[in-house]
Amino acid sequence: MKRLIILSGAGLSAESGIPTFRGSNGLWENHKLEDVAYIGSWKKNYDLVHQFYNSRREEVKKAQPNVAHKMIRSWQIKYDTVIFTQNIDDLLEKAGASAIHLHGNIKEMLCTACAYTWNINYDPWVACNRCKCNSRRGVKPNVVFFGENAPNYPKFWKLIDNLLQTDVLLVIGTAGVVIPVNDIVSDFKGISILANLEEEETINSSLFTKTFFGNATKSVTLIDKYLLDLNAITISGS
Ligand code: NAD
Ligand code: ZN
């Protein structure tokens, strides 16, 4: 194995008490996505959007990394690993891992008036102190809303477009709707691993070399062994 490339999603943090979208019928904590995560409507719902993400920060503050976050951290120490996550929580970082956030970071605010971003940790939102744009209602959480540009996508696609046959790709805890996992895996010539709670319509599991269904915290132990075996084969074969 040359490199381990990980794409993680909301399922990775589910067992830390942060709900996924799918598990709640497409609602996010009882809110319609259109109301709290769309670039076309967030200003109309300004107070609701901020209340919503204030609560999400409270939730993330309390959440602790689970065995799966910690295992991913251990792989990053052991293997040449690149982690992309769609999660906006900080549980990979709390576990000591370093990840590229494709959909932003709940602890950051973005001023759309002056493009300033800053960290507020787990606190309630505040106005931009650079341009005092509060009255113009221009401050949003620095998470990527539907319909919004995702600044880290070019980095992700560059790596995906240049995957090597010796790379291992692990897709964990994602429905693969926002990021087109099926397309990525069907173009990939190396070993691909899927770890999700269950088979689902959105992901064609037959495209993968190896699949693990069940809780991420259970699957990672099996994946760890699979990677060890794989590495042993690669080393003895090279
Ligand atoms: P999703 O909610 O659409 O799908 C969740 C996936 O996780 C499903 O495939 C399901 O099988 C799997 N899953 C659920 N529980 C699991 C478990 N215990 N172990 C293993 N797998 C499990 O999530 P998504 O594909 O990541 O897309 C949702 C978008 O929602 C992302 O862009 C993300 O930014 C946002 N989101 C983030 C968080 C977070 O930061 N923790 C939480 C909810 C939504
Ligand atoms: Zn500003």
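The values are calculated or read from the model by the stated rules, or taken from the named source; none is laboratory data. These numbers were taken from a predicted model, which means no experiment stands behind them. FYI the Cβ positions are ideal-geometry reconstructions off the backbone, even for glycines, and counts take in every protein chain you see. Note: areas computed on protein heavy atoms with side chains; ligands, DNA, RNA excluded. Shrake-Rupley method; radii C 1.70, N 1.55, O 1.52, S 1.80 Å.
With protein chains left intact and a 1.4 Å probe, residues in the stretch 65-162 average 48 Å² of accessible area per residue. Each residue, I120 and Y153, gets one label point 7 Å from its Cα in the Cβ direction; the gap between the two is 2.6 nm. The stretch between S186 and T221 holds 10.0 nm of extra length on full extension. This uses 0.36 nm per residue minus the Cα-Cα distance.
When the helix-only estimate is applied to the chain (DSSP H runs of n ≥ 4, each -39,500 (n - 2.57), divided by the residue count), what is the mean residue ellipticity at 222 nm, nearest 500 deg cm²/dmol?
Working: 8 runs with 79 residues, N = 238.
Helix-only estimate at 222 nm: -9500 deg cm²/dmol.
In the stretch 70-149, Cα pairs under 8 Å separated by at least six residues give a relative contact order of 26 percent. Shown in residue order for the stretch 176-189 are the 3J(HN,Hα) couplings computed by the Karplus curve 6.51 cos²θ - 1.76 cosθ + 1.60 at θ = phi - 60°: x, 9, 5, 9, x, 4, 4, 5, 5, 6, 5, 8, 8, 9 Hz (x for Gly and Pro). Apolar share of the accessible surface for the chain: 51 percent from carbon plus sulfur atoms, 1.4 Å probe.
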